[in-house]
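Trainee: Once you've had a glance at the structure underneath, I'll fire off some questions.
FYI, it's all coordinate maths here, none of it is from the lab. Predicted model only: the values in this text are computed from it and were never measured. Every residue, glycine as well, gets a Cβ built from its backbone with ideal geometry; the counts of neighbours run over all protein chains shown.
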Amino acid sequence: MPLPLAPFAAGYNMNVMERRLESLGGEWEVVRIDKRSGQPAGNPFTGTVPGDLISDLVRNGMLDDPYLDVNSEKCLWINDYDWVYRKRFSGGCPALERKFLRFAGVDYEAWIRLNGHVLGAHEGMFGRIVFEITSHMEEENEVEVLLVGRANTWRERIKGLNPILRSGKARMKTLKAQYSFGWDFAPALKGAGIWDEVHIHSTGPVAIDDIWIRPDLTSGSVDTEIFLSSRASGDGELAWRVEPVGHEAPGCEGVKTISFAAGPQSVGLKFDVPDAQAWESWDLGDQNLYRLSVEVRYGSEPSDEASDTFGFRNIGFESNPRAPEGSAPWTLVINGRRLFLRGVNWIPMDSLLARLDEKRYRKLLTMARDMGANLIRVWGGGLREKKIFYDLCDELGLLVWQEFPFACAIIEHYPRSGHYLKLVARECADIIRQLRNHPSLFLWCGGNELHAKKNEALIDTVRHQVETHDTERRFHPVSPALGDSHNWVVWHGKGNPEDYLEDKAPMISEFGLQAVPVGETVEAMLSEKFRWPPDKKAWKHHNIDWGKMLKYVRNVPAPNSLEEFIEATQRMQAHILKTSIERWRRMKFTKGGFAIWQLNDPWPAVTWSLVDYFGRPKLSYHALKMSMAPLAVAIFYPLRRWRYGDKVPYDIAVINDYHRSFHGLTARVFLGDREVDSARFEIRPNSVAAAEDRRVELDCDPPRVLRITLSDAQGAELAKNEHDLEVFDPVRAPFLARWFSAAMWRWMTKGTAG
């Protein structure tokens, strides 16, 4: 029976207590342990929690900066030892009180001990670890975490081998972040550490373990499940309050009488929020959030309190016209309105997890939104990011496609043993429980580039956890599959934009081109002797693919210096990305969207990123800021080499992803600084309008750039764009490269079911 509702009923007080958490973050003592003897192998030194072992060793002068030159190769030895992190803290355990030791994330395999008592062992990087320590607490306490070093296999020691192949089964046997074994954009820095928060949690006899919030925008109702653990039987109350966060709206509150049984249990709450305000992506509307606070009382005494934010939003998908047979629907419908997905792929911000903090998260996510992205695909070879990442996506109105931590099992496969699949089930279940209340999260994906049949047991295990622990969201078994494409005919197949335009998939979730970062970043990653002329070994260590890079650079005016080389790579990256994106956007909703590989870097390197490790944008970032704006204007011209005196045919298109009309618009075309054309537009909500069959004569010397502006009736500029006619890649991918790419993805995903 629903609780009687009254907005903040008179006489009820929810401010009795706050959740009692004592952070154990800060300085810890670290000791290296010899694996054979189990004895210390050196003097203790100071580490930091949350953090990581490699950062602690660098800080203590025991390792050189692993991001400079080829220094990361000097870090392999740390994996051949175990490491103890030790922290002393005060505080006993008064009568009728319970104490819990809570780890939000440990990397990777650990034994945990308190005051000499072994609390237990844990394997897994992403699930929370909770021990009740009531009976072990003393006035002065010592917690020890033994981190088991993942010793290097013979394959991991082969320097010339592709990093993904080099790590092989060693990485697939773990639920550790896969990129830490080395990737084509990341160094091999496995390391270890207590990478997320650690707390002592104090409660009364009844503790709150978790809250599952399921809001429905249509009805304004909230179906909530509160998971509890009780030390004793008895009667009590569950008090709750809902308040708007950052906006004006009614709230509500109530109290429910309950009876506790000793042990774990759950209590259901269902209530209505008056005039519930929707959460929208940033380009559709406001990010209206609510906070649910819950207090459990044993008898009449407060025992524990917890809270979480949530949002009202409904998510669905519509099918795409002319999609290939077997495609899933890829046009997102949020709160009843279709939304074209303009996305970027997110990889961990750092290979050294001590450096993940709110400031960097906020800067990078804000840059993604400012560029026009409304989708963040959290790639499966990376992390379940820290809580602040998802809080910021909620706040910024960025939709999250979250993959589970599995990637690139194409020839080999993840283990199928019962032990491993139990580990998968436990870790993935807790990832879901941690993230499911976030309104920004709209899609779960089983992993990145997994052979569907070879990894069927893994995918089925993950699917079952999603169906059990989150009934609100779609599960996409693996990416790519079911109309979701990874198009690497460009770059890996050495193709050009025309190879993108042949892709009929309704969702392109990976595509990209490498570019060298700006000069300051090159200086930070390579000593002067390695920079120019380039030391190919040192540059390759920082991920450049010379053969492919030189193919693309030769189609830009020839570089003769490091500065010109950087500019040439960035101009080609910008040209190919913006060309494909603008054409796909003109095809909405035949296309449901795209996600560029990749937004960011985990270290200073030459990669596909739009923004480098230090947060410095490449030319492509600025170019795509024009191409990805919700209201965009673009010129569509034949892709060929243009010369003086040529007459270039073109169309003008205005792309409107907003759900409102624009009237009296004027597009003006400029060749250099000279206006050469104009067109008038009226555009309906969420649509595309075009002025076709235009022509301009190239009667000027290089650089030849077509610029276009879009202004309203009052002359205010609403959008702009630039098209660099000097950059053109005439070389299509060889037929065999195109055939092989299509055949490989068909082979990998054959039999995949949604």
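Trainee: Taking the mean number of other Cβ atoms within 10 Å as a proxy for protection, how do you rank 543-555, 681-693 from highest to lowest?
Mentor: The packing order, highest mean first, is 543-555, 681-693.
Trainee: Along its three principal axes, how long is the stretch 559-655 when you only count alpha carbons? Whole Å, largest extent first please.
Mentor: Extents along the principal axes, in whole Å: 40, 37, 18.
Trainee: Take the residue pairs Lys548/Lys588; Lys504/Lys588; Lys74/Lys537; Lys386/Lys625; Lys548/Lys647 and return only those whose Cα atoms are more than 24 Å apart.
Mentor: Lys548/Lys588; Lys386/Lys625; Lys548/Lys647
Trainee: Using only DSSP helix segments of four residues or longer, with each worth -39500 (n - 2.57), what per-residue ellipticity at 222 nm results for the chain after dividing by its residue count and rounding to 500?
Mentor: That comes out to -6000 deg cm²/dmol.
Trainee: Quick check on the stretch 201-310: what does the Kirkwood estimate of hydrodynamic radius come out to from the alpha carbon pairs, in Å?
Mentor: 14.7 Å
Trainee: Ok, one more. Please give the contour-minus-distance gain from Ser561 to Lys453: 0.36 nm per residue of separation, less the Cα-Cα distance, rounded to one decimal in nm.
Mentor: Additional length available on full extension: 34.0 nm.
Trainee: Kindly provide the pair-distance distribution of the stretch 359-430 built from C-alpha pairs, with 10 Å bins from 0 and whole-percent values in order of increasing distance.
Mentor: Binned Cα distances yield the sequence 17, 41, 24, 16, 2.
Trainee: Under 17 Å from a label point 7 Å along Cα→Cβ of Phe45: give me every residue in the stretch 71-101 with its amide N that close.
Mentor: 71-86
Trainee: Still on this structure, I have one more. Only Cα pairs under 8 Å and at least 6 apart count here; give the relative contact order of the chain as a rounded whole percent.
Mentor: Contact order relative to length: 11 percent.
Trainee: Go through 446-454, 240-248 and give me the packing order, highest mean Cβ count within 10 Å leading.
Mentor: 446-454, 240-248
Trainee: Plugging the Kirkwood radius over Cα pairs into Stokes-Einstein for the stretch 642-724, at a temperature of 4 °C and a viscosity of 1.567 mPa s, what D comes out in µm²/s?
Mentor: Answer from the Stokes-Einstein relation: 96 µm²/s.
Trainee: Largest first and in whole Å, what are the equivalent-ellipsoid semi-axes of the chain based on the Cα gyration tensor, each being the root of 5 times an eigenvalue?
Mentor: Square roots of five times the eigenvalues give 46, 34, 22 Å.
Trainee: Counting alpha carbon pairs within less than 8 Å and at least 6 residues apart, what relative contact order, in whole percent, applies to the stretch 238-360?
Mentor: Relative contact order here is 19 percent.
Trainee: Pick out, in residue order, every one of the chymotrypsin sites (Phe, Trp or Tyr not before Pro) in the stretch 376-435 that is DSSP loop and has at most 13 other C-beta atoms within 10 Å; say none if there are none.
Mentor: For chymotrypsin sites (Phe, Trp or Tyr not before Pro) across the stretch 376-435 that sit outside H, G, I, E and B with at most 13 neighbouring Cβ atoms in 10 Å, the list is empty.
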